[in-house]
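Chemist: Before anything else, here's the structure in question.
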Amino acid sequence: METTIRQCRNEDYPKLVEIWEDSVRSSHTFLADDDITEIREKLTSLYFPSVKMFVAVYEDEIVGFMGLSGCKIEMLFISTGRQKAGTGRRFIELAKDKGCRFVDVNEQNTGALSFYQKCGFKIISRDETDDAGRPFPILHLSL
């Protein structure tokens, strides 16, 4: 069965929060539990509604999601059990088709950085802190 991508619906949000937390706990080992809790509490009320969301569905289950805003990929998360199965690349192709050319990634998230670089992104700048002012450097990438 092939993975399909569709627009996100509000009723998808609980599953997206699960995927987000599973992925973040696996890849963002630099975040403390308090950081994860603070971000998680804002996902459905602030972050998800502020972007155009897409979900990847495999065998009737959501396995990943991506959020776009303007020409930027704002978020892209894949269930840890479905990573390296081509879903992330399918999301990137969709984002490119929609005119997206930029993405930010935590510097410490070396797996994501490597993924984006394999997809053609290059580092164009760096900030010492994330958008919330936490001490986690952000790399800005562009195609």
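Chemist: How about the stretch 1-95: which GluC sites (Glu not before Pro) there are in a DSSP loop, with at most 13 other Cβ atoms within 10 Å of their Cβ?
Modeler: Sparse-neighbourhood loop GluC sites (Glu not before Pro): E2, E59.
Chemist: Please give the Cα centre distance for the stretch 90-143 versus the stretch 1-51, rounded to the nearest Å.
Modeler: The stretch 90-143 and the stretch 1-51 have Cα centres separated by 17 Å.
Chemist: Something else now. Would you work out what percent of the accessible area of the stretch 1-41, with all protein chains in place, is carbon or sulfur (probe 1.4 Å)?
Modeler: After summing per-atom areas, the C and S share lands at 44 percent.
Chemist: Same structure again: Each label point is 7 Å from the Cα along the Cα-to-Cβ direction; what then is the distance between the points at H140 and C71, in nm?
Modeler: Here the answer is 1.3 nm between the modelled labels.
Chemist: Taking a temperature of 25 °C and a viscosity of 0.890 mPa s, what whole-number D in µm²/s does Stokes-Einstein yield for the chain with Rh from Kirkwood over alpha carbon pairs?
Modeler: My calculation gives 160 µm²/s for D.
Chemist: In the structure displayed, which of K84/K122; K96/K118; K42/K122; K98/K118 lie more than 24 Å apart, Cα to Cα?
Modeler: Check vs 24 Å cut-off fails for K42/K122.
Chemist: Summarise the accessible area of the stretch 92-143 (1.4 Å probe, protein heavy atoms) by the percent that is carbon and sulfur.
Modeler: Ligands and nucleic acids excluded, carbon and sulfur reach 50 percent.
Chemist: Hey, another quick one. Could you work out [θ]222 nm for the chain from helices alone, using -39500 (n - 2.57) per DSSP H run of at least four and dividing by all its residues? Round to the nearest 500 deg cm²/dmol.
Modeler: One gets -9500 deg cm²/dmol as the mean residue ellipticity at 222 nm.
Chemist: Want the number for Q7 to T29: 0.36 nm per residue separation, take away the alpha-carbon distance, what's left?
Modeler: Full extension of this stretch gives 5.0 nm more.
Chemist: State in Å² the accessible area per residue of the chain; use a 1.4 Å probe, count heavy atoms of protein chains only, and round to the nearest integer.
Modeler: 54
Chemist: How compact and how long is the stretch 11-66, expressed as Rg and Dmax of its alpha-carbon atoms in Å?
Modeler: My reading of the Cα-based Rg and Dmax gives 11.7, 34 Å.
Chemist: Let me ask you something else. Would you work out which of Q83, T44, I124 lies farthest towards the positive end of the dipole of the chain, given +1 charges on the beta-carbon of Lys and Arg and -1 on that of Asp and Glu, about the Cα centre?
Modeler: I124
Chemist: Okay, moving on. Taking 0.36 nm per residue of separation and subtracting the Cα-Cα distance, what length does fully extending Q108 through T129 add?
Modeler: Gain in length upon complete extension: 6.4 nm.
The values are calculated or read from the model by the stated rules, or taken from the named source; none is laboratory data. Predicted, not measured: the structure shown is a model, and the values here were computed from it. Virtual Cβ from ideal backbone geometry, glycine too; neighbours counted across all protein chains shown. Please note that ligands, DNA and RNA were not included when accessible areas were found on the heavy atoms of the full protein model with its side chains. Shrake-Rupley method; radii C 1.70, N 1.55, O 1.52, S 1.80 Å.
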